[in-house]
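Remarks on the structure that follows.
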There are 2 protein chains.
Amino acid sequence: MTESAMIEMLLKNRVSWLSDSGPEDDIAISSRIRLARNLDGLPFPIAANPEQLLNVWGAVQLTSVQAKCVPDQILFEMQKLKELDRKILLERRLISREFLIDKPGAGLIVSPDESLAIMVNEEDHFRIQALRPGFQLKEVWTAIDALDTVLGKELKFGFDSQLGYLTSCPTNVGTGMRASVMLHLPGLVLSGQINAVIQGVHKLGLAVRGIFGEGTENLGNLFQVSNQSTLGETEEQIIERLSSVIQQIISHEKNARHALLEHRQNFLLDQVGRAYGILRHAYIITSEETFNSLSALRMGVDMGMFSSVDIHTVNELFILSQKAHLQKYAGKELSSEERDVTRATLIREKLRSIDKR
Amino acid sequence: MTESAMIEMLLKNRVSWLSDSGPEDDIAISSRIRLARNLDGLPFPIAANPEQLLNVWGAVQLTSVQAKCVPDQILFEMQKLKELDRKILLERRLISREFLIDKPGAGLIVSPDESLAIMVNEEDHFRIQALRPGFQLKEVWTAIDALDTVLGKELKFGFDSQLGYLTSCPTNVGTGMRASVMLHLPGLVLSGQINAVIQGVHKLGLAVRGIFGEGTENLGNLFQVSNQSTLGETEEQIIERLSSVIQQIISHEKNARHALLEHRQNFLLDQVGRAYGILRHAYIITSEETFNSLSALRMGVDMGMFSSVDIHTVNELFILSQKAHLQKYAGKELSSEERDVTRATLIREKLRSIDKR
């Protein structure tokens with residue numbers, strides 16, 4: 001199968017974290033854990049020569065590894081992918097920005113439902129990722145820990161008995177783990193409490209980021225909360241601490257939504273109604289307006305304002321309305337103006353087809 | 001029947017100029033002619049004493065006059081009307097602002113479909129009005145001329161063989177006639193041609209006004225074009241000249257819409273789509289946003305974008321979304337904030353009921 005055909009397949013498959021239900025998924029969109037691992041005795045990718053990088057890629061393709069690795073895995077050699085297809089993978093949260101640049105030996109292994117993925121030769125030899133819908137870090141940990149264990153039996157990972165796993169960047173040494181939950185917090189944003197919450201989270205040594213990159217904190221009211229440190233605690237302790245903070249944020253968000261519904265009901269209904277009206281009927285729409293409107297719509301769905309739209313549709317539109325996905329949908333390169341028209345068409349058609357169900 | 005019950009009846013009746021079709025009604029909402037007439041030998045209302053004013057009101061209630069005057073006429077003594085009900089009549093274009101103030105002898109005679117109306121003791125003893133949908137000034141003239149003729153046989157109007165009809169304000173002396181057409185010109189506004197058109201119309205000695213009063217020219221893209229002078233020409237000549245200018249404006253508007261549709265289709269579709277989306281789904285909406293959104297929607301209906309909505313619905317919403325009508329709909333006085341909520345509710349319900357048909 002060509003890489004292009006494999007991308008098409010991914011686009012058609014059911015994506016677990018977008019389509020399945022999960023705990024607290026009215027507020028927590030997804031839970032993700034990634035582990036940084038490196039092969040013992042080989043330089044980190046930044047210092048490795050092309051041959052060594054290809055050896056790393058070769059290692060995960062050994063039959064014995066493949067058999068135990070990711071079920072029904074799809075393998076992408078990044079160099080064989082067109083630029084647009086790489087951007088598709090980026091927008092689907094399967095690769096990082098670093099993988100947009102040509103690099104020998106760079107590869108991706110992914111399960112058809114995108115719940116498991118391994119980036120090969122990114123910053124580390126392996127970046128193993130598990131991703132599930134809703135708030136279920138412990139379950140995600142169980143899944144990725146199992147995968148890590150079987151991989152660790154086939155591949156010898158760089159490990160120091162004092163430090164733990166050795167990684168290219170010192171900030172990952174130890175567990176090599178970054179655990180994060182993507183939260184949808186329109187209630188805290190609308191009620192003006194979000195900055196206090198973010199400051200509180202920072203004080204606890206956790207990180208909060210907008211999901212579309214630096215400086216996009218308020219875009220779509222989507223926030224990613226993750227651990228910062230990877231040393232001095234076990235994985236379970238890190239996840240326990242992170243989970244407890246996230247549970248509190250979820251409670252705050254619920255309270256904020258209830259308070260808005262009680263004291264500013266018309267304001268809330270108006271925000272949601274207008275967002276839906278625009279998404280359903282606009283012919284030109286920017287990504288910024290789309291994300292913010294989808295955010296309001298998602299909250300409206302949670303409030304029971306819509307019988308036909310569900311949060312999975314909204315989740316999916318967040319992904320599909322991005323730049324590369326739009327060009328894939330249109331089947332050609334699009335200027336910025338054309339994207340705004342195509343984006344509106346895609347969203348209108350999606351919501352209309354649901355309306356008619 | 002109480003005055004309040006009579007108002008309720010008016011609100012339930014079919015209003016011809018809003019609900020019936022007329023020539024060019026995609027652009028021309030309505031055609032109106034009013035005649036100023038005064039009883040010979042009695043001072044103009046401004047100089048008349050209460051007894052004289054009551055005599056004028058009495059004159060139109062003579063059986064012989066009633067028989068020939070307005071079919072199935074409804075009579076309102078303004079002093080018996082509540083303030084809110086007077087405002088309802090103002091918003092329905094049946095009385096002027098002057099009639100909001102208490103004045104003895106002030107009255108209104110109106111046909112159930114609101115196509116004919118006579119204000120008694122406004123600036124002149126009689127202000128006779130005929131109003132029809134679309135662009136049909138000549139037909140309106142035929143109707144009002146017939147009414148004027150029968151009234152003139154029963155009541156002796158002040159008339160000077162040199163000057164013509166005598167009126168309270170010198171600007172009305174002569175024909176006493178003001179003919180106007182309400183035009184919906186979103187194409188000329190969106191394409192930036194409206195100012196040139198208005199200047200051209202002014203140069204021809206005609207007046208252009210926003211329909212919601214001074215300084216509201218662009219609200220809802222509704223413009224009223226009327227004659228200024230009442231001397232030196234016959235009624236037919238005035239109407240002929242006015243009609244020819246209006247026919248030209250209608251052509252310009254059609255061209256502007258075609259050009260927008262050809263060169264800026266997505267922009268146009270977006271304007272209309274968003275307007276509909278907001279009207280259909282907002283929970284708080286100001287009168288300004290309403291008028292502008294209704295304007296875009298009306299253009300969209302003309303462009304065939306909506307199978308369920310028709311221009312008569314839009315015409316009606318222009319009237320129903322005004323201040324007094326909203327309070328009537330709510331059955332109570334409303335603050336400005338409450339009006340914005342009630343307005344949104346009314347429009348949402350109206351458009352939803354149409355959607356479901």
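I want to confirm something. Restricting to the range B:136-159 and keeping residues that are at pLDDT 95 or above and over 25 Å from the mean Cα position of the chain (by Cα), which single residue is surrounded by the fewest Cβ atoms within 10 Å (Cβ to Cβ)?
Once the filter is applied, the top-ranked residue is B:F159.
When A:G304 is evaluated against the numbered criteria (1) closer than 28 Å to B:G300 by Cα; (2) surrounded by fewer than 17 Cβ atoms within 10 Å (Cβ to Cβ), which criterion, by number, is the only one it fails?
For A:G304, the failing item is (1).
Tell me, which residue of the range A:330-356 that is open to solvent by 40 Å² or more (accessible area, probe 1.4 Å) and within 17 Å of A:Y276 (Cα to Cα) is nearest to the other protein chains (Cβ to nearest Cβ)?
The qualifying residue nearest to the other protein chains (Cβ to nearest Cβ) is A:D355.
Could you grab me the full set of residues in the range A:26-56 that are under 30 Å from A:S251 (Cβ atoms) and open to solvent by less than 30 Å² (accessible area, probe 1.4 Å)?
Correct list: A:I27, A:A28, A:I29, A:S30, A:S31, A:I33, A:L35.
Which condition number in (1) closer than 19 Å to B:R348 by Cα; (2) touching a residue at least 12 places away in the same chain (Cβ under 8 Å); (3) among the hydroxyl-bearing types (S, T, Y) is the one that A:S295 fails?
A:S295 satisfies all of (1) closer than 19 Å to B:R348 by Cα; (2) touching a residue at least 12 places away in the same chain (Cβ under 8 Å); (3) among the hydroxyl-bearing types (S, T, Y) except (1).
Looking at B:I101, B:I95, B:I88 in this structure, which one is closer than 23 Å to B:L326 by Cα and surrounded by fewer than 21 Cβ atoms within 10 Å (Cβ to Cβ)?
Working: B:I95 fails: surrounded by fewer than 21 Cβ atoms within 10 Å (Cβ to Cβ); B:I88 fails: surrounded by fewer than 21 Cβ atoms within 10 Å (Cβ to Cβ).
After ruling out the rest, the residue left standing is B:I101.
Which residue, of A:R298, A:R274, A:R264, is charged (D, E, K, R) and within 25 Å of A:V15 (Cβ to Cβ)?
Result: A:R298 is the single residue among A:R298, A:R274, A:R264 that is charged (D, E, K, R) and within 25 Å of A:V15 (Cβ to Cβ).
Specify the residue that is nearest to the other protein chains (Cβ to nearest Cβ); the eligible residues are those in the range A:274-294 that are over 16 Å from B:L297 (Cβ atoms) and among the small types (G, A, S). Full working, then the answer.
Kept after step one, since they are over 16 Å from B:L297 (Cβ atoms), are these residues of the range A:274-294: A:275-276, A:279, A:284-294.
Of the ones still in play, those that are also among the small types (G, A, S) are A:275, A:287, A:293.
Numbers: A:A275: 8, A:S287: 16, A:S293: 10 Å.
Here the answer is A:A275.
Kindly evaluate B:E123 against the criterion of being within 19 Å of the chain's Cα centre (by Cα), open to solvent by 50 Å² or more (accessible area, probe 1.4 Å) and over 30 Å from B:D26 (Cβ atoms). Can you show your working first?
Numbers: within 19 Å of the chain's Cα centre (by Cα): yes; open to solvent by 50 Å² or more (accessible area, probe 1.4 Å): yes; over 30 Å from B:D26 (Cβ atoms): yes.
Against the criterion (within 19 Å of the chain's Cα centre (by Cα), open to solvent by 50 Å² or more (accessible area, probe 1.4 Å) and over 30 Å from B:D26 (Cβ atoms)), B:E123 qualifies.
Which one is surrounded by the fewest Cβ atoms within 10 Å (Cβ to Cβ) among residues in the range A:307-327 that are of a type in the set (S, T, N, Q) and farther than 21 Å from A:S30 by Cα?
Ranking the candidates gives A:S307 first.
Return the residues of the range A:188-197 that are without any contact (Cβ under 8 Å) to a residue 60 or more places away in the chain, closer than 15 Å to A:Q248 by Cβ and buried (at least 17 other Cβ atoms within 10 Å of the Cβ); say none if nothing qualifies.
If the condition is that a residue be without any contact (Cβ under 8 Å) to a residue 60 or more places away in the chain, closer than 15 Å to A:Q248 by Cβ and buried (at least 17 other Cβ atoms within 10 Å of the Cβ), then A:I194, A:V197 are the ones that fit.
Given the criterion open to solvent by 10 Å² or more (accessible area, probe 1.4 Å) and either within 23 Å of B:K328 (Cα to Cα) or modelled with pLDDT under 90 (or both), identify the matching residue among B:S111, B:S21, B:S115. Before you say what the answer is, go through the steps one by one.
Working: B:S111 fails: open to solvent by 10 Å² or more (accessible area, probe 1.4 Å); B:S21 fails: either within 23 Å of B:K328 (Cα to Cα) or modelled with pLDDT under 90 (or both).
Exactly one residue qualifies, and that residue is B:S115.
When the range A:17-51 is examined, which residues are found to be free of Cβ contacts under 8 Å to residues at least 12 places away in the same chain and out of contact with any helix residue (DSSP H, G or I) (no Cβ under 8 Å at 6 or more places or on another chain)?
A:A47, A:N49, A:E51
Which one of these does A:E253 not meet: (1) within 12 Å of chain B (Cβ to nearest Cβ); (2) surrounded by 24 or more Cβ atoms within 10 Å (Cβ to Cβ)?
Of (1) within 12 Å of chain B (Cβ to nearest Cβ); (2) surrounded by 24 or more Cβ atoms within 10 Å (Cβ to Cβ), only one is false for A:E253: (1).
Please verify whether B:E233 is surrounded by 16 or more Cβ atoms within 10 Å (Cβ to Cβ), more than 14 Å from every other protein chain (Cβ to nearest Cβ) and modelled with pLDDT under 95, treating the condition exactly as stated. Walk me through how you get there before you give the answer.
Numbers: surrounded by 16 or more Cβ atoms within 10 Å (Cβ to Cβ): yes; more than 14 Å from every other protein chain (Cβ to nearest Cβ): yes; modelled with pLDDT under 95: yes.
Criteria met by B:E233.
Determine whether A:R178 is more than 25 Å from A:A256 (Cβ to Cβ) and under 15 Å from the mean Cα position of the chain (by Cα).
yes
Pairs, please: C-beta under 9 Å, at least 6 apart or cross-chain, first residue farther than 20 Å from B:E289 by Cα and in the range B:219-230, second of a type in the set (D, E, K, R) and assigned to a loop (DSSP other than H, G, I, E, B)?
Final answer for the pair search is B:N227/B:E233.
The conditions are (1) more than 10 Å from every other protein chain (Cβ to nearest Cβ); (2) open to solvent by 10 Å² or more (accessible area, probe 1.4 Å), and A:D270 fails exactly one of them. Which is it?
(1)
How about the range A:338-357: which of its residues are part of a helix (DSSP H, G or I), in contact (Cβ under 8 Å) with a residue 12 or more places away in the chain and of a type in the set (D, E, K, R)?
Just the residues of the range A:338-357 that are part of a helix (DSSP H, G or I), to begin with: A:338-355.
Now drop any that are not in contact (Cβ under 8 Å) with a residue 12 or more places away in the chain, which leaves A:339-348, A:350-352, A:354-355.
Across the range A:338-357, the qualifying residues are A:R339, A:D340, A:R343, A:R348, A:K350, A:R352, A:D355.
Checking A:L260 against (1) away from chain B (no Cβ under 14 Å); (2) in contact (Cβ under 8 Å) with a residue 24 or more places away in the chain, which single condition isn't satisfied?
Only one criterion in (1) away from chain B (no Cβ under 14 Å); (2) in contact (Cβ under 8 Å) with a residue 24 or more places away in the chain is unmet by A:L260, namely (1).
If you scan the range B:79-108, which residues turn out to be closer than 20 Å to B:A48 by Cα and among the charged types (D, E, K, R)?
Selection gives B:R97, B:E98, B:D102, B:K103.
May I ask you to verify whether B:R132 is touching a residue at least 60 places away in the same chain (Cβ under 8 Å), open to solvent by 50 Å² or more (accessible area, probe 1.4 Å) and outside any loop (DSSP other than H, G, I, E, B)?
yes
Does A:Q248 satisfy the condition of being open to solvent by 70 Å² or more (accessible area, probe 1.4 Å) and either over 22 Å from B:D340 (Cβ atoms) or away from chain B (no Cβ under 14 Å) (or both)?
Spelling it out, A:Q248 is indeed open to solvent by 70 Å² or more (accessible area, probe 1.4 Å) and either over 22 Å from B:D340 (Cβ atoms) or away from chain B (no Cβ under 14 Å) (or both).
Looking at (1) more than 27 Å from A:G331 (Cβ to Cβ); (2) of a type outside the set (A, V, I, L, M); (3) open to solvent by 40 Å² or more (accessible area, probe 1.4 Å); (4) free of Cβ contacts under 8 Å to residues at least 60 places away in the same chain, which is the only condition A:Q79 fails?
A:Q79 satisfies all of (1) more than 27 Å from A:G331 (Cβ to Cβ); (2) of a type outside the set (A, V, I, L, M); (3) open to solvent by 40 Å² or more (accessible area, probe 1.4 Å); (4) free of Cβ contacts under 8 Å to residues at least 60 places away in the same chain except (1).
With the structure loaded, tell me whether A:G220 is touching a helix residue (DSSP H, G or I) at 6+ places or on another chain (Cβ under 7 Å), within 14 Å of another protein chain (Cβ to nearest Cβ) and open to solvent by less than 30 Å² (accessible area, probe 1.4 Å) or whether it fails that test.
Taking the combined requirement at face value, the residue does not satisfy it.
The values are calculated or read from the model by the stated rules, or taken from the named source; none is laboratory data. Treat the numbers as computed from the prediction; the structure is a model and nothing was measured. As a convention, Cβ positions derive from the backbone with ideal geometry for all residues, glycine included, and neighbour counts pool all protein chains shown. Side chains are part of the model used for accessible areas, which takes the heavy atoms of the whole protein and leaves out ligands, DNA and RNA. Shrake-Rupley method; radii C 1.70, N 1.55, O 1.52, S 1.80 Å.
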